[in-house]
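*Asks:* Pasting a structure here, questions to come.
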Amino acid sequence: MDKSNDPPLDEIQWRSPQTLASMGGLHSNTILFYFAESPFFERTSNNAVITSQAMNNISMYHFIQTREAFEGRLKTMSGLEFIIGEEPAETGPGMGTGVWVIRKQTRRKRYQEDDEITVHASFFVVGENIYMAPTLADILASRIMTISSAISKALPAAESVRKWRPALGHAYQLPANQAAACRAKGQDSKEDTPVPDTTAKPAAAAAQKSDEVSMERAAEEAFMAHMRHGGEYIDENAITGRPGEFHLSSTGRKVVVPLPKKAPDGVGAMNGPAAISTKVDAKKDGKSARTPKSASTPGKTKRRRSKMSAANTPVAT
């Protein structure tokens, strides 16, 4: 019976080189008997019952000679048992990984059906060492405890480096020792990395700091404007007018007067021969504007006034 002050079984490691040497080494026929000497073994299991019967009854001694005969006898019984779950994988002739997996399980016989097996725990035999595999609940509890412990340490550390300013709001700044360590680590990463000049003028540092403050303030104002008017959009040139006659308020719309089309020279396919202009500038050449008369052109005949003397005029009677 385990004492109350003993550590849990999944937190201990057991080994016995003397026992293993007396058995002739660890192999398939001695693995279960070597495990039976560890504190993980239970004396009320079927393994202990078969071993006790074989030691007291010569007719049952052959059950403990080989592993196959021992496990075959276990499969005919009901109750708690320890059996080999996995053997070492062969990496070469006569060589293995040395990792054995032993299952702690309960077998229940059923009429004309397969046995009902309930696995309670698993154990690993690595060389001379025997370990108990932790349960899933223990693994999850350990991981959750690790995460909660890290968070409980991170929150006070983050709170200690937080500062609030009216212009910047909440800001985080690393402690002096951590900032120096980070800078030293960055400088030591490469041998050829130039070291920043620490003898810069205070004025340049102050100007850079003021630029950073102004940029942060501008970013804060832009963010506040986005929060207030994030879904609103204004056209750069507003559109005015009524439907069908929209105008841009900044540029307006100019009416374009079409220029008179120039008559094409020569004969076209659709418009025919070009019109001949008969108008001539009279100021340049006044005489050339008149068309000369030809002999065949009928002119205006002048009437001659006949000169008749009064003597020759007949007297009316």
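*Asks:* When only residues in segment 28-39 that are hydrophobic (A, V, I, L, M, F, W, C) and not in a loop (DSSP other than H, G, I, E, B) count, which is surrounded by the most Cβ atoms within 10 Å (Cβ to Cβ)?
*Replies:* 32
*Asks:* Additional query: Has segment 146-169 got at least one residue that is among the basic types (Lys, Arg), open to solvent by less than 100 Å² (accessible area, probe 1.4 Å) and at pLDDT below 85?
*Replies:* yes
*Asks:* What is the one condition in (1) open to solvent by less than 40 Å² (accessible area, probe 1.4 Å); (2) not in a loop (DSSP other than H, G, I, E, B) that residue 55 does not satisfy?
*Replies:* Evaluating residue 55 over (1) open to solvent by less than 40 Å² (accessible area, probe 1.4 Å); (2) not in a loop (DSSP other than H, G, I, E, B) leaves (1) as the failure.
*Asks:* Of the residues 42, 68, 113, 81, which single one is assigned to a strand (DSSP E or B) and either of a type outside the set (A, V, I, L, M, F, W, C) or open to solvent by 20 Å² or more (accessible area, probe 1.4 Å) (or both)?
*Replies:* The conditions single out 81.
*Asks:* Take the residues in segment 18-27 that are open to solvent by less than 40 Å² (accessible area, probe 1.4 Å) and not aliphatic (A, V, I, L, M), then tell me which one is farthest from residue 47 (Cα to Cα).
*Replies:* 25
The values are calculated or read from the model by the stated rules, or taken from the named source; none is laboratory data. Keep in mind the model is a prediction, meaning the values are calculated, not measured. Cβ sites come from the backbone with ideal geometry, for glycine too, and all protein chains shown count toward neighbours. Side chains are part of the model used for accessible areas, which takes the heavy atoms of the whole protein and leaves out ligands, DNA and RNA. Shrake-Rupley method; radii C 1.70, N 1.55, O 1.52, S 1.80 Å.
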